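The values are calculated or read from the model by the stated rules, or taken from the named source; none is laboratory data. It should be emphasised that the depicted structure is a prediction, and the values quoted were computed from it without experimental measurement. A quick note on method: Cβ atoms are made from the backbone with ideal geometry, for glycine too, and the neighbour counts reach across all protein chains shown. When the accessible area is computed, the model is the full protein with side chains, heavy atoms only, and any ligands, DNA or RNA have been set aside. Shrake-Rupley method; radii C 1.70, N 1.55, O 1.52, S 1.80 Å.
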Amino acid sequence: MASLAGRVQSPDYPRAHYAWYVVLVLLVVGITSYLDRNIVSLLVEPIKADLDLTDTEVSILQGMAYAVFYVAFGLPFGAMVDRFNRRRLLAFGIALWSVMTAAGGFADTYWELFAARAGVGIGEACLAPAAFSLIADYFPPSRRGRAMSVYNMANYLGGGASMLIGGLVLKALGGVGTAYLPYIGEIASWKGTFIIIGAPGILLSALMFTVREPERRQVTLSCTGSSEGFIEHMRNAPRVYATVHIVSAFTAFTGYAVAGWIPTYFVRIFGMQVAEAGVMIGPVAALAGMAGCVSSGFLTDWLVARDVRGGRFVVPLAWWPLALAALVVIVFAGGRSMALAGVALFFFGSGLGLASVAPTIHDITPNQFRGRATSLHFVLSGLLGMTAAVTLVALVNDYLFKDPNALGKSMIVVLTPIIFASFIACLSCRNAYEERRRHYLQANN
């Protein structure tokens, strides 16, 4: 018996080879965004020393300085994605966040660096809603999970690249200290890293003009794409949307809390140099995260094809136990090799969970609302993840343990309740999600 998902496919989707080219372009753009977003996590120690900051203050640069503006511009950009040319929005956003990343290299004070990170957040707010909306119009539902999982690899390739490439750039500049850049002169190495990482991304904005704006598909269930129509649609299944978005936000929260502090954890606990930690952790995190994303894509498409109850929303039930197990391995490892194995397990599980988010949302959301529905996920992820996660770990470390070497314990204290609450929420809402998914599929059949 054919599945409901199989009967929703449209015969006029773009050719597969060109659709995958678009995914490749978006993947490259996404890698650049995560590289620019996460580079601060590698440079914590030199920034702290140069600007005389606490863990809490530097955590604000990692999270809140970026996230507040990312969140503030997320829904407006999501509404624009639902109405206007998506590739032009992306071209603008890429140019903006690249310029602002490089601008961080010219910051002489805490607030100047704060402003530069805010600019990165504004530029990147348009990326996810536009990218996921484009992919959804290039691929039928039966292949959408795999396509989105490949794009989601940008999170781990970019995050790993921020440590690997950042570490290599920092090492090329002579490590922590000062360096010389042509046309600029003598500059702190961490500043030079910002400039070198940010500047090439400006050229990527032109790459978006090789992508054709696709026809919008599955515009159903409502006669309007207005904000009122979007709110009405959400109100038809408030528990389902609330659970999906909150659990997805906690997935981001957990990932940011670990990714934001793991290089510093290895520096403090195992006595590594900053560049050395980046070069070692970066490839492991990137490869494990990519493996998780690819596995998620095939698994979620398989779940939909087999009409498994809960569809893609089953995947988080595997991710949360993996997250807890990985944290225990990292924090209680007797050496850095075992801790690195914990890092690999964590980022594999994170990729498994994160890559399932967008297609899980799209499976219950019509086209004219997908930009805003996806933006809402990233707004909540920004509020709970980017704004709070890194800083909450720092606050526990600064004021509860009062020990720079207690980062592992701080992560355990912050994340264990989140993991248990999210697992229970997924389990309790599985049937309600399935009912909403089937209602949407039948309406589009």
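Within region 14-35, take every residue that is open to solvent by 10 Å² or more (accessible area, probe 1.4 Å) and of a type in the set (A, V, I, L, M) and give me the one that is farthest from residue 123 (Cα to Cα). Reasoning before the result, please.
Pass one, region 14-35, residues open to solvent by 10 Å² or more (accessible area, probe 1.4 Å): 14-18, 20-21, 24, 27-28, 31-32, 34-35.
Of the ones still in play, those that are also of a type in the set (A, V, I, L, M) are 16, 24, 27-28, 31, 35.
Details: 16: 30, 24: 20, 27: 17, 28: 16, 31: 14, 35: 14 Å.
Applying the filter and picking the extreme gives 16.
Could we say that residue 167 is part of a helix (DSSP H, G or I), closer than 20 Å to residue 283 by Cβ and open to solvent by less than 20 Å² (accessible area, probe 1.4 Å) here?
yes
Every test in (1) over 23 Å from residue 258 (Cβ atoms); (2) within 18 Å of the chain's Cα centre (by Cα) is passed by residue 149 save one, and that test is (1).
Condition check for residue 122 on (1) open to solvent by less than 10 Å² (accessible area, probe 1.4 Å); (2) at pLDDT 85 or above: one failure, at (1).
Any residue at all in region 373-381 that's in contact (Cβ under 8 Å) with a residue 24 or more places away in the chain and closer than 20 Å to residue 40 by Cβ? Checked region 373-381: at least one residue is in contact (Cβ under 8 Å) with a residue 24 or more places away in the chain and closer than 20 Å to residue 40 by Cβ.
Checking each residue in region 270-325 for being open to solvent by less than 20 Å² (accessible area, probe 1.4 Å), over 17 Å from the mean Cα position of the chain (by Cα) and among the small types (Gly, Ala, Ser) picks out 275, 277, 278, 310, 311. Among the numbered criteria (1) of a type outside the set (Phe, Trp, Tyr); (2) touching a residue at least 40 places away in the same chain (Cβ under 8 Å); (3) within 30 Å of residue 142 (Cα to Cα); (4) in a helix (DSSP H, G or I), which single criterion is violated by residue 17? Among (1) of a type outside the set (Phe, Trp, Tyr); (2) touching a residue at least 40 places away in the same chain (Cβ under 8 Å); (3) within 30 Å of residue 142 (Cα to Cα); (4) in a helix (DSSP H, G or I), the lone unmet condition for residue 17 is (2). Only one of the numbered conditions (1) farther than 17 Å from residue 160 by Cα; (2) among the aliphatic types (A, V, I, L, M); (3) open to solvent by less than 50 Å² (accessible area, probe 1.4 Å) is violated by residue 328, and that is (3). Under the condition of being modelled with pLDDT of 85 or more, open to solvent by less than 20 Å² (accessible area, probe 1.4 Å) and of a type in the set (Asp, Glu), the residues counted in region 36-55 number 1. Can we say residue 102 is buried (at least 23 other Cβ atoms within 10 Å of the Cβ) and either within 20 Å of residue 386 (Cβ to Cβ) or out of contact with any Pro (no Cβ under 8 Å at 6 or more places or on another chain) (or both)? No: the conditions fail for residue 102. The lone criterion from (1) under 29 Å from residue 380 (Cα atoms); (2) at pLDDT below 80; (3) open to solvent by 50 Å² or more (accessible area, probe 1.4 Å) left unmet by residue 157 is number (3). Scanning region 395-417 for residues that are among the hydrophobic types (A, V, I, L, M, F, W, C) and touching a residue at least 12 places away in the same chain (Cβ under 8 Å) gives 395, 396, 400, 407, 411, 412, 413, 414, 415.
Listed here are the residues, each with its yes/no results for (1) assigned to a helix (DSSP H, G or I); (2) under 18 Å from residue 37 (Cα atoms).
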{"residue": "239", "(1), (2)": "yes, no"}
{"residue": "244", "(1), (2)": "yes, no"}
{"residue": "247", "(1), (2)": "yes, no"}
{"residue": "250", "(1), (2)": "yes, no"}
{"residue": "255", "(1), (2)": "yes, yes"}
{"residue": "258", "(1), (2)": "yes, yes"}
{"residue": "269", "(1), (2)": "yes, no"}
{"residue": "272", "(1), (2)": "no, no"}
{"residue": "276", "(1), (2)": "yes, no"}
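When you check residue 327 against the structure, is it assigned to a helix (DSSP H, G or I) and under 30 Å from residue 137 (Cβ atoms), yes or no? Judged against the criteria, residue 327 is not a match.
Might you let me know whether region 56-63 holds any residue that is of a type in the set (Gly, Ala, Ser), open to solvent by 40 Å² or more (accessible area, probe 1.4 Å) and over 17 Å from the mean Cα position of the chain (by Cα)?
Looking only at region 56-63, we keep the residues that are of a type in the set (Gly, Ala, Ser), and these are 59, 63.
This time we only want the ones that are open to solvent by 40 Å² or more (accessible area, probe 1.4 Å), so: none.
No, region 56-63 contains no residue that is of a type in the set (Gly, Ala, Ser), open to solvent by 40 Å² or more (accessible area, probe 1.4 Å) and over 17 Å from the mean Cα position of the chain (by Cα).
Just one of the listed residues (376, 352, 340, 345) is within 26 Å of residue 124 (Cβ to Cβ) and open to solvent by 20 Å² or more (accessible area, probe 1.4 Å), and it is 376. A count restricted to region 58-90 and to residues that are part of a helix (DSSP H, G or I) and within 23 Å of residue 373 (Cβ to Cβ) stands at 23.
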